[in-house]
Amino acid sequence: MADEKKPAAEEPDKANPEAAEGEEGAAEEKPKKKIPVMAIAIVVLVLVGIALAGGIAYFVASKLVASSHNESEGGPRYHDPGVFVKLGDPKEGILVNVGGVKAGHFLKIGIMLEMNPSKKEIITEGKMNPVAETKMMDTVLHILRSEPLDGYDAMKQDALKEKIKTEVNHELGEGSVYGVYITSFVLQ
């Protein structure tokens, strides 16, 4: 049985060694062709994944940056021209005792508020509603009186303006005040 001959189809042709190698070479070539196709497919999928991740990251980052700008400025960057309202006496501005009753310091300050003209309950025909004006004045006086003396430092002026804007918007409704401008400032 060991001496039995294998059929010719199973036994490589000893007379024709090139034919035998050709069959083996064909068997080896098929896997080699599949490997580069698989590698190319993987590389393409990785590149598509990276492109999608980059696009998503750009979209998210641009939305975060845009929303942080809007939040830090209290609303949209561009708006209709506001109505400017001067608080206190038209010539003198506001005179207030700061630093506590016993401190003996006085602040004379001119404050202009840029108001949203579309808020009809606050501004009608370019004039302030007396109730809204009283609420604004009360809020600003409260802020100025409660601020410590070092809060009036020139380096902290932007923080003071932002505090006034935030508190007045809280009192009158969000989006009522576009900006706060300090036109004069004397601290004694």
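Where residues in the range 121-137 are part of a strand (DSSP E or B) and among the β-branched types (Val, Ile, Thr), which of them is surrounded by the most Cβ atoms within 10 Å (Cβ to Cβ)?
123
Restricting the search to the range 80-116, which residues are outside any loop (DSSP other than H, G, I, E, B), within 26 Å of residue 174 (Cα to Cα) and touching a helix residue (DSSP H, G or I) at 6+ places or on another chain (Cβ under 8 Å)?
Those that are outside any loop (DSSP other than H, G, I, E, B), within 26 Å of residue 174 (Cα to Cα) and touching a helix residue (DSSP H, G or I) at 6+ places or on another chain (Cβ under 8 Å): 85, 94, 109, 111, 113.
Being small (Gly, Ala, Ser) and in a helix (DSSP H, G or I) is the filter; apply it to the range 149-174 and report the residue that is surrounded by the fewest Cβ atoms within 10 Å (Cβ to Cβ).
Quick first cut of the range 149-174, residues small (Gly, Ala, Ser) only: 151, 154, 159, 173.
Now narrow it down to the ones that are in a helix (DSSP H, G or I): 151, 154, 159.
Working: 151: 16, 154: 7, 159: 12.
The residue in question is 154.
Filter the range 106-120 for residues that are surrounded by 11 or more Cβ atoms within 10 Å (Cβ to Cβ) and free of Cβ contacts under 8 Å to residues at least 40 places away in the same chain; which is farthest from residue 82 (Cα to Cα)?
If we take residues in the range 106-120 being surrounded by 11 or more Cβ atoms within 10 Å (Cβ to Cβ) and free of Cβ contacts under 8 Å to residues at least 40 places away in the same chain, then 118 is farthest from residue 82 (Cα to Cα).
Can you find even one residue in the range 86-101 that is at pLDDT 80 or above, within 14 Å of residue 176 (Cα to Cα) and of a type outside the set (Lys, Arg)?
No - not one qualifying residue is present in the range 86-101.
Determine if the range 138-148 includes at least one residue that is outside any helix (DSSP H, G or I), at pLDDT below 85 and under 19 Å from residue 181 (Cα atoms).
no
Modelled with pLDDT of 85 or more and β-branched (Val, Ile, Thr): is that true of residue 83 in this structure?
When the stated conditions are applied, residue 83 does not pass them.
The values are calculated or read from the model by the stated rules, or taken from the named source; none is laboratory data. Just so it is clear, the structure is predicted and the values come from calculations on it, not from any experiment. No Cβ is skipped: glycine too gets one built from the backbone with ideal geometry, and neighbour counts run over all protein chains shown.
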